[in-house]
Each structure stands twice: as structure tokens, then as C-alpha cells.
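In what follows, a structure is listed as C-alpha cells, so that the remarks can point back to it.
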Amino acid sequence: MIITIDGPAAAGKGTISALLSKKYHLVSFDTGMLYRAVGLQMVLTGMEITNVEAATAIAQKLTFAQMIELSQHPDFRSDVGGQAASIVSSYQPVRQALLEMQRNFAKNPTFADGTPAAGVVYDGRDTGTVVCPNADLKIFLIADVEVRAQRRHKEFLEKGIQKSYEKVLADMKERDERDKNRSSAPMKPADDAVIIDCSTLSVDDLMKIIMPLVEQKLSA
Ligand code: DC
């Protein structure tokens, strides 16, 4: 079973992906981590973020182990990491370099301890359109940008990161525009994706919509 969950930042993809993987014994793959790892390495090595060749070379050499190690860095999930990821993800050769890694993951899905999983839940921006065009179920989550910025602002406060709501909102709008309008694999729903606006839905409500869709596929 392959499920893809795409959509803009802070739409709830990670939360839903974690709940689905637990319920259906699937391993989740947060594909944004790959782009964050490349973006953060650019920042940490002092490369100009506009240097496509350098970003491509980093992407070509990236391993899962390196990505996990980089994910411990405080800027991996910060805006520094998010904006750098969004910029390097607009480079076609970077996307190409990371594609096989993402596709291969579904060939023999296993949990971190090596036990086999019943499939994969991918989350990202292009997992339903480019990474797994043959996925069993494709979800595209949307939510008003103000709602998403409020969620992100709350997360920042909980982590002790001081950033005004206005700045979170402005940065989120900038990232949405870049992710939507880049020429290579822009963020958009696949033609066969189920689009769900979760601006006013709780996580429980959202799961009540998605679980029957998964179960329908499992019994098909
Ligand atoms: O989901 P995230 O915020 O961790 O993603 C960081 C950036 O990576 C996002 O702004 C766009 C990019 N990305 C992408 O282009 N394609 C994906 N499948 C996942 C993320």
C-alpha cells in the first residue's frame, strides 16, 4: 500500500502521515527532510544558496544516515532550514538527484529496526505527481495560509522560538509561492488526488475522512 500526502507547509501532512502509518503498519517518509538536509548542508558549508552545482553535488552524495544526522541540527526544522530547502528544491538537478532515493524506498519498505512494513506513507509536495504516480491513494491537504501560519507560530512558541505571527505569515506566503511556481515539479494535486481543505477540521475529523478511503483501497 502506497499513500501520498502532499500540500503546503503546516497543512497537517506530518500529523496525518504519522497516524496513518501507526494504524496501518506503514513506514512514513517525510520527503521534505531530503531537501532540508541539502539546504542545511549548503548553509553549514557556507555555500551561496544560489549555487546550483554545489547543491546538486550535495544531493547526489546524500545518504539516509547523513539526513538523519543533519536532522538533529537546531536549524533543520527552523525557518533557516525551511527557506534553504525551499530554494534548493526549486533546482531541477537537485530534484533529479533525490528522486531514485525516494522511489527505491517503496521497493522494500522496512521500519528503522529492520522489520518489514505493509507499505509507505510519503509526505511532501510532489509525491503523488512525480515520486509515486501509481500510488494507491493520493491525498492533497490544503488549509488557509492564516490558519497554517497560526499553527506554525504556536509550534515556534512551544519550542521557545521568538518570531512574530506577521513574520511567520509573510515567510509562509513566500515559501508557498516558490513551491507552487517553480518550473520543476511544482506543488500541485495529482489529477487523481483527493483534495481536502482542513482549515476548520480537527485531526480526528480529518482521520474520519481519510480512514475510509484507505480501507476502501485495502479491501479492493
Ligand atoms: O515539508 P517541508 O516543510 O519539510 O519541506 C521543505 C521544503 O522542501 C519545501 O518548501 C519544498 C521542498 N519539498 C519539495 O519540493 N518536494 C517534496 N516532496 C518535499 C519538500
ask   = Out of (1) over 18 Å from the mean Cα position of the chain (by Cα); (2) surrounded by 17 or more Cβ atoms within 10 Å (Cβ to Cβ), what's the single condition that is false for Ala185?
value = (1)
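One line per residue, one yes/no per condition, for (1) at positive phi; (2) crowded, with 22+ Cβ neighbours inside 10 Å; (3) away from the ligand (no atom under 15 Å from the Cβ):
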{"residue": "Gln83", "(1), (2), (3)": "no, no, no"}
{"residue": "Pro93", "(1), (2), (3)": "no, no, no"}
{"residue": "Phe111", "(1), (2), (3)": "no, no, yes"}
{"residue": "Pro116", "(1), (2), (3)": "no, no, yes"}
{"residue": "Val131", "(1), (2), (3)": "no, yes, no"}
{"residue": "Asn134", "(1), (2), (3)": "no, no, yes"}
{"residue": "Lys138", "(1), (2), (3)": "no, yes, no"}
key: Matching residues in segment 164-175 - criterion: being surrounded by fewer than 17 Cβ atoms within 10 Å (Cβ to Cβ) and under 18 Å from the mean Cα position of the chain (by Cα)   = Lys173, Glu174
request  = Take Ala9 and decide whether it is within 13 Å of the ligand (Cβ to nearest atom) and surrounded by 14 or more Cβ atoms within 10 Å (Cβ to Cβ).
outcome  = yes
task = May I ask you to list the residues in segment 95-111 that are more than 17 Å from the chain's Cα centre (by Cα) and within 12 Å of Tyr122 (Cβ to Cβ)?
result = Pro109
ask   = Ala149: within 20 Å of Asp6 (Cα to Cα), modelled with pLDDT under 95 and either part of a helix (DSSP H, G or I) or within 18 Å of the chain's Cα centre (by Cα) (or both), yes or no?
value = no
query = touching a Lys or Arg at 6+ places or on another chain (Cβ under 8 Å), in contact (Cβ under 8 Å) with a residue 24 or more places away in the chain and within 16 Å of the ligand (Cβ to nearest atom): does that describe Lys188?
reply = yes
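Among the residues that make up segment 43-51, is at least one of them within 20 Å of Glu177 (Cβ to Cβ) and within 16 Å of the ligand (Cβ to nearest atom)?
Here is the first cut: in segment 43-51, the residues within 20 Å of Glu177 (Cβ to Cβ) are 49-50.
Right, trim to within 16 Å of the ligand (Cβ to nearest atom) and you get 49.
Yes.
Can you tell me which of Leu40, Leu20, Leu34 is among the hydrophobic types (A, V, I, L, M, F, W, C), within 15 Å of Leu137 (Cβ to Cβ) and surrounded by 19 or more Cβ atoms within 10 Å (Cβ to Cβ)?
Numbers: Leu40 fails: within 15 Å of Leu137 (Cβ to Cβ); Leu34 fails: within 15 Å of Leu137 (Cβ to Cβ).
Criteria check complete, one pass: Leu20.
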task = Take the residues in segment 12-28 that are among the basic types (Lys, Arg) and more than 14 Å from Thr127 (Cα to Cα), then tell me which one is nearest to the ligand (Cβ to nearest atom).
result = Lys22
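Only residues that are exposed (fewer than 13 other Cβ atoms within 10 Å of the Cβ) and within 19 Å of Asn104 (Cβ to Cβ): list them for segment 46-63, please. Give the derivation first.
We begin by selecting, within segment 46-63, every residue exposed (fewer than 13 other Cβ atoms within 10 Å of the Cβ); these are 46, 48, 50, 53, 61, 63.
Within segment 46-63, Lys61, Thr63 meet the criteria.
The values are calculated or read from the model by the stated rules, or taken from the named source; none is laboratory data. Everything numeric here is computed off the predicted structure, so don't read it as measured data. Because the Cβ atoms are built from the backbone with ideal geometry, glycine has one as well, and the counts that use them run over all protein chains shown.
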